[in-house]
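S.K.: Before we start, here is the structure in question, set down as structure tokens.
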Amino acid sequence: MRPDAGQVLHFSEDPTITVFAPHVARTSRQAAAYVWAVDAERAPAYWFPRQCPRAMAWTTPRTTAADAARIIGPGAGSRVHAVEYAWLDRIRSVELFAYRLPAEPFTPIGEPEPHAHVATATVRPLGPPEPVGDLLALHEAAGIGLRVLPRIGDFWAAVAASTLGFSGIRLGNAWA
């Protein structure tokens, strides 16, 4: 589930949203009110239940072969996502929806690389939300390794200290 050209996506477990109004997200580090969305490259980071903690790593031009082998491992392609066992049933059963939004009002946000797109005005979806479907199958079809661990803390520490590109979402919901 990725956006088409000229689109960005907003993922939600709520299939009843008809308009996206700028707001300050409870977990945001940004003080400004935004509508949040992601592009095709960042969409896989949201193929999870909203509150699911996940740590993600991928190769970049500066990634060393040793880090790729140690963290991503053989057979996982160039990207791996890690979650905790406690979330596996929810990942299998969640009803997740994607809203297609017009890309025009959005601008990239994040340094040194954008991690999302934001709009400062109300945005209406281009159509009804689409069921995302089987999240494990999406990972498989995209060639993204999915690692299920008792705890993701050690994985996150290794990724953050590596030469890989990485992102962590809802890590505060992980088991300590």
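S.K.: Does segment 156-171 hold any residues that are farther than 10 Å from R54 by Cα and assigned to a helix (DSSP H, G or I), and which are they?
M.R.: A157, A158, V159, A160
S.K.: Return the residue satisfying two criteria in turn: it lies in segment 4-19 and is aliphatic (A, V, I, L, M) and part of a loop (DSSP other than H, G, I, E, B), and of such residues it is farthest from R90 (Cα to Cα).
M.R.: A5
S.K.: Just give me the residues in segment 40-52 being over 10 Å from the mean Cα position of the chain (by Cα) and over 16 Å from E95 (Cα atoms), in sequence order.
M.R.: A40
S.K.: Quick check on my filter: what residues within segment 111-132 are surrounded by 15 or more Cβ atoms within 10 Å (Cβ to Cβ) and among the aliphatic types (A, V, I, L, M)?
M.R.: A116, V118, A119, V123, V132
S.K.: Which of the residues belonging to segment 78-102 are of a type in the set (A, V, I, L, M, F, W, C) and either under 16 Å from G168 (Cβ atoms) or assigned to a strand (DSSP E or B) (or both)?
M.R.: Here is the first cut: in segment 78-102, the residues of a type in the set (A, V, I, L, M, F, W, C) are 80, 82-83, 86-88, 91, 94, 96-98, 101.
Result: V80, A82, V83, W87, F97, A98, L101.
S.K.: Among the numbered conditions (1) more than 19 Å from S12 (Cβ to Cβ); (2) modelled with pLDDT of 95 or more, tell me where V123 comes up short.
M.R.: (1)
S.K.: In this structure, does Y85 turn out to be of a type in the set (S, T, Y) and crowded, with 18+ Cβ neighbours inside 10 Å?
M.R.: No; evaluated as a whole, the condition is false for this residue.
S.K.: If you check V132 against the conditions, is it at pLDDT 95 or above and either closer than 30 Å to Y34 by Cα or in contact with a helix residue (DSSP H, G or I) (Cβ under 6 Å, 6 or more places away or on another chain) (or both)? Write out each step before concluding.
M.R.: Working: at pLDDT 95 or above: yes; either closer than 30 Å to Y34 by Cα or in contact with a helix residue (DSSP H, G or I) (Cβ under 6 Å, 6 or more places away or on another chain) (or both): yes.
Considered against the rule, which asks whether it is at pLDDT 95 or above and either closer than 30 Å to Y34 by Cα or in contact with a helix residue (DSSP H, G or I) (Cβ under 6 Å, 6 or more places away or on another chain) (or both), V132 comes out as yes.
S.K.: Here's something else I'd like to know. Tell me which residues, restricted to segment 78-103, are out of contact with any strand residue (DSSP E or B) (no Cβ under 9 Å at 6 or more places or on another chain) and of a type in the set (K, R).
M.R.: Within segment 78-103, R90, R92 qualify.
S.K.: Related question: Do the conditions hold for L135, that is, is it in contact with a Leu (Cβ under 8 Å, 6 or more places away or on another chain), more than 14 Å from I72 (Cα to Cα) and surrounded by fewer than 14 Cβ atoms within 10 Å (Cβ to Cβ)?
M.R.: In short, no.
S.K.: Regarding I152, is this residue in contact with a Pro (Cβ under 9 Å, 6 or more places away or on another chain), surrounded by 15 or more Cβ atoms within 10 Å (Cβ to Cβ), more than 28 Å from D4 (Cβ to Cβ) and touching a residue at least 24 places away in the same chain (Cβ under 8 Å)?
M.R.: Spelling it out, I152 is indeed in contact with a Pro (Cβ under 9 Å, 6 or more places away or on another chain), surrounded by 15 or more Cβ atoms within 10 Å (Cβ to Cβ), more than 28 Å from D4 (Cβ to Cβ) and touching a residue at least 24 places away in the same chain (Cβ under 8 Å).
Rundown of residues vs (1) out of contact with any helix residue (DSSP H, G or I) (no Cβ under 6 Å at 6 or more places or on another chain); (2) touching a residue at least 40 places away in the same chain (Cβ under 8 Å); (3) exposed (fewer than 13 other Cβ atoms within 10 Å of the Cβ); (4) not aliphatic (A, V, I, L, M), yes/no style:
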site: R26; (1), (2), (3), (4): yes, no, yes, yes
site: V35; (1), (2), (3), (4): yes, yes, no, no
site: D39; (1), (2), (3), (4): yes, yes, no, yes
site: A43; (1), (2), (3), (4): yes, yes, no, no
site: A57; (1), (2), (3), (4): no, yes, no, no
site: R62; (1), (2), (3), (4): yes, yes, yes, yes
site: D67; (1), (2), (3), (4): yes, yes, no, yes
site: E95; (1), (2), (3), (4): yes, yes, yes, yes
site: P102; (1), (2), (3), (4): yes, yes, no, yes
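S.K.: Scan segment 29-52 for residues that are under 22 Å from R124 (Cβ atoms) and small (G, A, S) and jot them down.
M.R.: A32, A33, A37, A40, A43 - these are the residues of segment 29-52 that are under 22 Å from R124 (Cβ atoms) and small (G, A, S).
The values are calculated or read from the model by the stated rules, or taken from the named source; none is laboratory data. Keep in mind that what you see is a predicted model, and the values were worked out from it rather than measured. Neighbour counts run over all protein chains shown; Cβ positions are idealised from the backbone, glycine included.
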